[in-house]
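Remarks on the structure that follows.
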Amino acid sequence: MSVQRVSHHLLLCATPTKAKCCDPNTGLATWNELKRLIKELGLENSDRPEGVVLRSKVDCLRICEKGPILVVWPDGIWYTDVTTDKIEAIIHQHIIHHKPVHDWIHKTAPFQLN
């Protein structure tokens, strides 16, 4: 198995067990739309020059409000209220065109490698 270059890793708080940040149905719908878009746009293609876009469905990102929450690694950008209406714009503007959607950013906390 070869190691693929990774462009971004998207972590979506999509199915919270305590449903504090969002309705689980909203989270699941957003997760399904995220999966569809990544596949449809060829972002998981191992031949993509920029690298693949990974996605992970997580239970909790410890914001506990304004969910679903999406964290974009390695940029360290946290988006709130990421519904099916917003996910396509985030993928196109931020992931493909490298222009974060500033109006929807909750916080920016770049990851630091030591």
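The values are calculated or read from the model by the stated rules, or taken from the named source; none is laboratory data. Computed from a prediction, not measured in an experiment: that's the story for all the values here. Cβ placement follows ideal geometry from the backbone for every residue including glycine, while neighbour counts extend to all protein chains displayed. Keep in mind that these areas ignore ligands, DNA and RNA; they rest on the heavy atoms of the full protein, side chains included. Shrake-Rupley method; radii C 1.70, N 1.55, O 1.52, S 1.80 Å.
Brief remarks follow.
- Cα gyration tensor shape of region 7-83, rounded if a/c is under 1.5, else prolate or oblate by comparing a/b with b/c: prolate
- Heavy-atom accessible area order for Arg48, Arg5, largest first, 1.4 Å probe: Arg5, Arg48
- The residues of the chain expose, per residue, 60 Å² of accessible area to a 1.4 Å probe.
- Per-residue 3J(HN,Hα) values for region 68-84, derived from phi via the Karplus relation 6.51 cos²θ - 1.76 cosθ + 1.60 with θ = phi - 60°, read x, 9, 10, 9, 10, 9, x, 5, x, 9, 10, 9, 10, 6, 7, 9, 4 Hz in sequence order (x marks Gly and Pro).
- Among Ile38, Pro100, Trp78 the positive-end extreme of the charge dipole of region 15-103 (Cβ point charges): Trp78
- Linear extension gain, Glu50 paired with Lys107, 0.36 nm per residue minus alpha-carbon span: 18.0 nm
- Net +/- balance of residues flanking Arg5 in space, Cβ distance below 15 Å, scoring K and R +1, D and E -1: -2
- Paramagnetic reach from Val58 (point 7 Å along Cα→Cβ, amide N under 20 Å) across region 31-46: 31-36, 38
- Relative contact order of the chain, defined on C-alpha pairs under 8 angstrom at six or more residues apart (%): 30
- In this simple spin-label approximation, Asp75 and His9 carry label points 7 Å from Cα along the Cα→Cβ vector, and these lie 1.7 nm apart.
- Placing unit charges on the Cβ atoms only, positive for Lys and Arg and negative for Asp and Glu, gives region 54-114 a dipole magnitude near 140 debye about its Cα centre.
- Using θ = phi - 60° in the Karplus curve 6.51 cos²θ - 1.76 cosθ + 1.60, the 3J(HN,Hα) couplings for region 22-37 round to 7, 5, x, 5, 5, x, 5, 4, 5, 4, 5, 5, 4, 4, 4, 5 Hz; x is entered for Gly and Pro.
- For region 43-114, the spherically averaged projection of the C-alpha convex hull amounts to 5.7 nm².
- In the chain, the DSSP-assigned H stretches of four residues or longer account for a calculated mean residue ellipticity at 222 nm of -6500 deg cm²/dmol, using -39500 (n - 2.57) per stretch and the full residue count as denominator.
- Portion, in percent, of the accessible area of region 6-60 that falls on carbon or sulfur, probe 1.4 Å: 48
- Computed magnitude of the charge dipole of the chain (debye, nearest 20; Cβ of K, R +1, Cβ of D, E -1): 260
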